[in-house]
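Quick notes on the structure that follows.
The values are calculated or read from the model by the stated rules, or taken from the named source; none is laboratory data. Computed from a prediction, not measured in an experiment: that's the story for all the values here. Methodologically, a virtual Cβ is constructed for each residue, glycine included, from the backbone with ideal geometry; neighbour enumeration extends over all protein chains shown. Just the protein is used for accessible areas: all its heavy atoms, side chains included, with ligands, DNA and RNA removed. Shrake-Rupley method; radii C 1.70, N 1.55, O 1.52, S 1.80 Å.
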Amino acid sequence: MTKSKKKHFLVTGGLGFIGSNIVKLLIRNGYNVTVFDNSSRGKIKKLGIFKSKVKIISGDIKNFKSISRAFKNIDAVIHLAYINGTKYFYSKPTEVLDVAVKGIVNILDLSIKKKIKEIYLASSSEVYQTPTITPTSEKEMLKVPDVYNPRYSYGTGKILTEVMGINYGRKYFNKLVIFRPHNVYGPDMGEEHVIPELIFKTVKTRNNHIVLKGTGKEIRSFIYIDDFIGAFNYLLTKGKHLEVYNIGTNEAINIKKLAKIISSILSKNCKIKNSPIPVGGTKIRNPSIQKIKKLGFKPKISLKEGLKKTINFYIKNLKNKGV
């Protein structure tokens, strides 16, 4: 790559929630970007004013010929393409694993073939399952507690992604970085995650009752999308080869309290009811972010501030739909 040439990134899953925001970051930073996506959940409109500056290729990450069309004049790859949403872990485990395994194999094989030396791989907090220590550092054991539970299809696929990335990375790449997002949220994140689900339940309730998926005592640490992108930017500039980084916050909260905050922001006084936690559901996710903080990252947006921004987006869109 000559000094005059802009670095060209390929972003798989670049029309999704996290992917589209990473694409916007890359464009703002002056890079060229190609997006590869099957548009199963992501939409071109997520790119907003940046869509005219991005080359978009539609295809199937599982198909070698399909994804190979995106590997033209590429200098670095950010691999995000996956099947997200907890309900799919249970209902479509074979599809989840298919995308995970064939996706990472194709990405690595094509990167080696095209002599691409820089790769960023998206993993997940799911690789920890139920951690032994919280806040949970990147040194925590990765685990698959029960091969018969379809929920673990997602985490298993991410563990395979990491293992292949690290081992191929030693031999073929100059910079291979793995990042583990922890409950990223914000406007236009879809409908399959806990925060938008709670927003919809609160808005649509007729009797001021909300039923949670679980006991309500489950603890999570949520990171607003702008903070996530700020952290990811540090990986682009300072992330180390073959290192793994948690991206999240330490602002832990249980789901019942989260539901009450959302209810309060929406000026409702909802009664929160619980239900049995799904088999394999994790009781706590609270990452240690000391490693990413050493690169310079510092979260800026509080949970309540981020929730207000997210709720405003969904309320506006519900009104536009006549709900």
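Would you pick out the residues in segment 102-153 that are touching a helix residue (DSSP H, G or I) at 6+ places or on another chain (Cβ under 6 Å), part of a helix (DSSP H, G or I) and open to solvent by 20 Å² or more (accessible area, probe 1.4 Å)?
Within segment 102-153, just Ile112 meets the criteria.
Could you list, in sequence order, all residues of segment 1-28 that are in a loop (DSSP other than H, G, I, E, B), touching a strand residue (DSSP E or B) at 6+ places or on another chain (Cβ under 8 Å) and either open to solvent by less than 30 Å² (accessible area, probe 1.4 Å) or modelled with pLDDT under 95 (or both)?
Lys6, Gly13, Gly14, Leu15, Gly16
Please state which one of Asn84, Asn38 is touching a residue at least 12 places away in the same chain (Cβ under 8 Å) and either under 14 Å from the mean Cα position of the chain (by Cα) or within 23 Å of Tyr234 (Cβ to Cβ) (or both).
The conditions single out Asn84.
Pick out the one residue from Phe71, Phe89 that is over 25 Å from Lys175 (Cα atoms) and of a type outside the set (S, T, N, Q).
Phe89
Which residue out of Ile253, Ile311 is of a type outside the set (Gly, Ala, Ser) and either open to solvent by 40 Å² or more (accessible area, probe 1.4 Å) or farther than 23 Å from Glu126 by Cβ (or both)?
Being of a type outside the set (Gly, Ala, Ser) and either open to solvent by 40 Å² or more (accessible area, probe 1.4 Å) or farther than 23 Å from Glu126 by Cβ (or both) holds for just one of Ile253, Ile311, which is Ile311.
Name the pairs: first residue in segment 284-311 and closer than 18 Å to Ile225 by Cβ, second residue among the aromatic types (Phe, Trp, Tyr) and crowded, with 23+ Cβ neighbours inside 10 Å, Cβ to Cβ under 7 Å, at least 6 apart or on different chains?
Going by the 7 Å Cβ cut-off, the qualifying pairs are Ile292/Tyr245; Ile301/Tyr224; Leu303/Phe222; Gly306/Tyr224.
Lys240 - would you say it is open to solvent by 70 Å² or more (accessible area, probe 1.4 Å) and in contact with a helix residue (DSSP H, G or I) (Cβ under 9 Å, 6 or more places away or on another chain)?
No.
Within segment 205-232, which residues are out of contact with any Gly (no Cβ under 6 Å at 6 or more places or on another chain) and closer than 17 Å to Asn312 by Cβ?
Phe222, Asp226
Step by step: first the residues of segment 266-305, then only those that are β-branched (Val, Ile, Thr) and open to solvent by 20 Å² or more (accessible area, probe 1.4 Å), then the one that is farthest from the chain's Cα centre (by Cα). Which residue is that?
Ile272
Go through the residues of segment 158-168 one by one and say whether even a single one is crowded, with 19+ Cβ neighbours inside 10 Å and over 26 Å from Asn21 (Cβ atoms).
yes
Output yes when any residue across segment 199-207 is open to solvent by 50 Å² or more (accessible area, probe 1.4 Å), within 22 Å of the chain's Cα centre (by Cα) and modelled with pLDDT under 95, and no when none is.
Within segment 199-207 (the criterion being open to solvent by 50 Å² or more (accessible area, probe 1.4 Å), within 22 Å of the chain's Cα centre (by Cα) and modelled with pLDDT under 95), the answer is no, since none of the residues qualifies.
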